[in-house]
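The values are calculated or read from the model by the stated rules, or taken from the named source; none is laboratory data. This one's a predicted model, so the numbers in the text were calculated from it and none came from an experiment. So basically every Cβ, Gly included, is an ideal-geometry build from the backbone, and we count neighbours across all protein chains shown.
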Amino acid sequence: MSKSPRILVFVGGICKDSINKKLFGFFKEAAGETLEFDEFEIKSLPFFSQDIEDNPPSEVVDLKARIKACSGVLLITPEYNRSFPGVLKNALDWGSRPYGQNLWSGKPAGLIGTSPGAIGAFGAQNQLRQVLNFLDFRTMNQPEFYFTFPRELENGKLPHSANEFLKSHPRCQGITNRNETYSDREAKNVYAGDKAAEIDAA
């Protein structure tokens, strides 16, 4: 029996109630046993500095070992001010340094994200994709995944329509060849609009 691919996961939302952490939990449940997920806590990393890149702290050594061991990378990003959070960029910088030792090069990568607003972290993903391209990831281009996170969960679970969407379109497995956005009629009525956009997209 073949071993499931190991996917190194970076969740850009680091607050305890991060909706992107919740999205990862639902995504992991939907993927089942097809993938082995290894989540790295990016908040443990120090700020990148060339002063310490040749003799990095243990957290960075651990990061580099897990990059080398993984089959691919999944990045899950919130959106702040039309971009992705600095803690996520910090992890990417550490994995690409010192110069000439870019561990990301050639790694398959999937990119997803969520926000309470109607565009579902589109701006953050668009910015992050530029960085991934420069770092020579083999970034999956289709399908794109922009997810409007429901305001209220049903007994700790996604509403049925959202859960069925997630199961049908696991981003890093490339099940469909279409651009998809969770925006059924109920979601448009309840979750989209100016008030949803005001919520912190953690």
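Quick notes
- Checking each residue in the range 61-87 for being over 24 Å from Phe145 (Cα atoms), surrounded by fewer than 18 Cβ atoms within 10 Å (Cβ to Cβ) and in contact with a strand residue (DSSP E or B) (Cβ under 7 Å, 6 or more places away or on another chain) picks out Arg66, Ala69.
- Number of positions in the range 15-55 that are within 22 Å of Gln125 (Cα to Cα), aliphatic (A, V, I, L, M) and at pLDDT below 95: 4
- Residue within the range 99-117 that is out of contact with any Phe, Trp or Tyr (no Cβ under 7 Å at 6 or more places or on another chain) and farther than 24 Å from Leu45 by Cα present: yes
- Restricting attention to the range 1-25, the residues that are assigned to a loop (DSSP other than H, G, I, E, B) and touching a helix residue (DSSP H, G or I) at 6+ places or on another chain (Cβ under 6 Å) total 3.
- Subset of the range 35-52 [under 18 Å from the mean Cα position of the chain (by Cα), in a loop (DSSP other than H, G, I, E, B) and loosely packed, with under 15 Cβ neighbours inside 10 Å]: Glu41
- Check on Ile67, under 21 Å from Gln101 (Cβ atoms) and touching a Gly at 6+ places or on another chain (Cβ under 7 Å): yes
- Only listed residue being loosely packed, with under 14 Cβ neighbours inside 10 Å and either at pLDDT 80 or above or in a helix (DSSP H, G or I) (or both), chosen from Asn90, Asn126, Asn133, Asn102: Asn133
- Filtered residues of the range 105-123 (kept if assigned to a loop (DSSP other than H, G, I, E, B) and either in contact with a Cys (Cβ under 9 Å, 6 or more places away or on another chain) or more than 26 Å from Asp51 (Cβ to Cβ) (or both)): Gly106, Lys107, Pro116, Gly117, Ala118, Ile119, Gly120, Ala121
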